[in-house]
There are 2 protein chains.
Amino acid sequence: MPHIQLPDDVPGIRSLVMYRPDTGKPLYDLAQVLLRGDSPLSTAERELIATYVSARNHCNFCTQSHEAAARALFGDEREVVDFVLNEYETAPVSDKMKALLTIAGRVQTDARTVSDADVTRAREHGATDRDIHDTVLIAATFCMFNRYVDGLATLSPTDSAVYEPMGERLAQQGYALPNPAPQL
Amino acid sequence: MPHIQLPDDVPGIRSLVMYRPDTGKPLYDLAQVLLRGDSPLSTAERELIATYVSARNHCNFCTQSHEAAARALFGDEREVVDFVLNEYETAPVSDKMKALLTIAGRVQTDARTVSDADVTRAREHGATDRDIHDTVLIAATFCMFNRYVDGLATLSPTDSAVYEPMGERLAQQGYALPNPAPQL
């Protein structure tokens, strides 16, 4: 049961932006520009970072929904998502991506621990300022979304089949506010 | 030294929104609507929650800047900020505010630990759904801002005098993007 009165049968973040659309709008605007806007990271890579951070925060709704989006975006290479969720250092992703996932993990735990050595490693594998910036902001943003969704105990289905159409929609349409967004 | 090339001599979040204004805009829009828009919580109370969470995350820039804003907004009652930063259960704030600070602390640590008992306690002291919602979203939002600012090692002055004019500006003008925002 959610801690506050939210629209029935609407899961996770969607129930919250329907509850308060005026805060929902900048939250969805942020997700759209950060995960779908201009970046040296592919949309699939950005969804992978979002999934990885959400899994570390044990946020079922965000992990499953962004995992589904990442699988849809990776297409034939979707097995990479399983690898990253288990042990990313052996995953079939670039060394740059591994270094960026290390930075994302540090941001999730305690952002002050991102070290010069972490950043140097990423740069040695080709990361630019924008790769590093976008990784840190994606990780920080999901530390927010995960807490918002779980702190209010929103509806969070456990069945992964529920998330498949959600992942397809996020992959194809990105982050558009649920519309209409009724005021409760 | 910041981990990426940011505008010289610009501290904290301001250097980051100047670096990437397209993500800066929804971030400032969120801060403005959440901390200055409609809420059952006063602007001073909202800045207090932001300060409390930032202190728990050991984010010097966010703690000092929002502490300064909270002091400016509390005016003659500014000593409440010291109490809250030290031991809020004995602070001269309402029982409702103490219960909401407990919830904010749980969101900062692990949002899944916000319990029915925490929410019941807040309701018994008069908290509404919107009080609870806004508290959780403010706490979650500062878990993001703190990580963004510290994960990129932005400039973070230690001298509290630097933050006084910043706090006055935040108290009086709210969250407006630094303008002009040069593209680097």
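The values are calculated or read from the model by the stated rules, or taken from the named source; none is laboratory data. The shown structure was predicted, so the numbers you read here are calculated from the model rather than taken from an experiment. We place every Cβ from the backbone using ideal geometry, glycine too, and count neighbours over all the protein chains shown. For accessibility, only protein heavy atoms count, side chains too; no ligands or nucleic acids. Shrake-Rupley method; radii C 1.70, N 1.55, O 1.52, S 1.80 Å.
Between copies, residue A:22 shows label-point distances of 2.8 nm, shortest first, with the point placed 7 angstrom from Cα along Cα to C-beta.
What do the square roots of 5 times the Cα gyration tensor eigenvalues come to for segment B:1-102, in whole Å, largest first, as semi-axes of the equivalent ellipsoid?
Working: eigenvalues 154, 50, 25 Å².
The answer is 28, 16, 11 Å, longest axis first.
Legend note: in the protein assembly as shown, cysteines whose Cβ sits 4.7 Å or more from every other cysteine Cβ are A:143, B:143. Helix B:163-173 axis versus longest C-alpha principal axis of chain B: approximately 70°, rounded to the nearest ten. Summary for residue A:164: label point 7 Å along Cα→Cβ; distances to the equivalent points in the other copies, ascending, 6.4 nm.
How much of the accessible area of chain A, in percent, comes from carbon and sulfur atoms when a 1.4 Å probe is used? Display every interim value, and only then the final one.
Numbers: 3610 of 7380 Å².
Carbon and sulfur: 49 percent of the exposed surface of chain A.
Against the main long axis of the alpha-carbon atoms of chain B, helix B:95-110 sits at an angle near 50°. Over segment A:24-173, accessible surface divided per residue gives 37 Å², non-protein components excluded, 1.4 Å probe. Distances between copies at residue B:77, taken between label points 7 Å from Cα along the C-beta direction, are 5.6 nm in increasing order. Derived scalar couplings between HN and Hα for segment B:61-75 equal 4, 5, 4, 5, 6, 6, 4, 5, 5, 4, 4, 4, 6, 6, x Hz in order, rounded to whole Hz, by the Karplus curve 6.51 cos²θ - 1.76 cosθ + 1.60 (θ = phi - 60°), x for Gly and Pro. For segment A:123-168, heavy-atom accessible area (probe 1.4 Å) falls by no less than 30 Å² from the chain alone to the full protein assembly at A:129, A:130, A:133, A:136, A:137, A:140, A:144, A:147, A:148, A:150, A:151, A:152. Between segment B:108-176 and segment A:113-181, the C-alpha centres lie 20 angstrom from each other.
Could you tell me the total accessible area buried at the B-A interface, probe 1.4 Å, in square angstrom to the nearest hundred?
Details: alone 9210 and 9230 Å², together 14750 Å².
Accessible area lost upon association: around 3700 Å².
In this entry, segment B:24-173 is assigned a mean projected area of 8.6 nm², taken as a quarter of its C-alpha convex hull surface. Across segment B:142-150, rounded Karplus estimates of 3J(HN,Hα) from the backbone phi angles (6.51 cos²θ - 1.76 cosθ + 1.60, θ = phi - 60°) give 6, 5, 6, 4, 4, 5, 5, 5, 7 Hz, Gly and Pro being marked x.
Please average, across the residues of B:10-17, the number of beta carbons from any other chain that are within 10 Å of each residue's own beta carbon, and give a whole number. Before the final figure, lay out the partial values.
Numbers: counts 0, 0, 0, 0, 0, 0, 3, 0.
Mean inter-chain Cβ contacts per residue within 10 Å come to 0.
The Cα atoms of the protein assembly as shown cover 62, 49, 33 Å along the three principal axes, with the biggest extent listed first.
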